[in-house]
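Note sheet for the following structure.
The values are calculated or read from the model by the stated rules, or taken from the named source; none is laboratory data. Predicted model only: the values in this text are computed from it and were never measured. Please note: Cβ atoms are built from the backbone with ideal geometry, for glycine as well, and neighbour counts cover all protein chains shown. The accessibility values were calculated without ligands, DNA or RNA, using every heavy atom of the protein model including side chains. Shrake-Rupley method; radii C 1.70, N 1.55, O 1.52, S 1.80 Å.
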Amino acid sequence: MRERVQLLRVHSLLIAVGKSSVSGIDFFSDTTPLRMAEFHISSNHRWAVSSSQSFISKPNGSNFIVNTDEPMPKLYRTARISTRSLRYYVVGLQNGTYKVELLFAEIVMDDTPSWTGLGRRIFNIYIQNQLVERDFNTIAEAKGSKKPYNKTYKIIVANNILDIHLLWSGRGTCCIPAKGTYGPLVSAINVTPEDHFTPSPTSSSHTMREGLELL
């Protein structure tokens, strides 16, 4: 018999790659190494991330978290990347309307006049299985590399789960400045309610993994 657990439905969440606090703001830190095809559930069971990828120059994989020392806001100095798919789930949200903010900065490719500045990272963005951005290019949107850029969407949650999927579109370059430089990249995710919520408990006899597998 599965144990029934009491969870408090949440109405906001901040996830940052490689960090737990920036400028006094606390985040859920996304630091778990993910290789070719892996899935990680947070310790508080509030969110999860999956990655599906192959890496041309490193067939044994890596943790796919990149960093830069460039003088830019700390929140954008670290990012999770994948050569194919990055998918984040936020579970236990109260149903309603939310503002979903995705934080980006291209910290691997550059925009110099040389050949190394010719790289183009292009991917699609889906939220709740709906395409919200086709052929998204962070450098083009931010007007340069190493520059923060945020995209905000108004999303309706109807089944207590938020699904954010960044998927390589098969376009852009693959090998500038090095082999395997392509696919989605994200620095942080901020989910805040548009509606006023009163937190309420919910019972569940399913594990988080089982619930996500039903999607």
If we scan the stretch 89-102, do we find a residue that is in contact with a Lys or Arg (Cβ under 9 Å, 6 or more places away or on another chain) and over 26 Å from Ile41 (Cα atoms)?
-> no
Is the stretch 59-77 home to any residue that is modelled with pLDDT under 85, surrounded by fewer than 16 Cβ atoms within 10 Å (Cβ to Cβ), in contact with a Pro (Cβ under 7 Å, 6 or more places away or on another chain) and of a type outside the set (D, E, K, R)?
-> yes
Failed condition for Val108, given (1) open to solvent by 60 Å² or more (accessible area, probe 1.4 Å); (2) closer than 28 Å to Phe28 by Cα, with all others met?
-> (1)
For the stretch 93-135, name all the residues that are outside any strand (DSSP E or B), within 18 Å of Gly183 (Cα to Cα) and of a type in the set (Ser, Thr, Tyr).
-> Thr116
Which residues, counting only those in the stretch 73-92, are assigned to a strand (DSSP E or B) and not aromatic (Phe, Trp, Tyr)?
-> Thr78, Ala79, Arg80, Ile81, Ser85, Leu86, Arg87, Val90, Val91
Of all residues making up the stretch 114-143, the number that are open to solvent by 40 Å² or more (accessible area, probe 1.4 Å) and modelled with pLDDT of 90 or more = 11
Verdict on Lys146 being modelled with pLDDT of 85 or more, assigned to a loop (DSSP other than H, G, I, E, B) and out of contact with any strand residue (DSSP E or B) (no Cβ under 7 Å at 6 or more places or on another chain) = yes
How many residues are modelled with pLDDT of 75 or more and farther than 30 Å from Thr112 by Cβ when one looks only at the stretch 159-215?
-> 12
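How many of the residues in the stretch 126-143 are aliphatic (A, V, I, L, M) and closer than 22 Å to Val108 by Cβ?
Residues that pass the stated criteria total 3.
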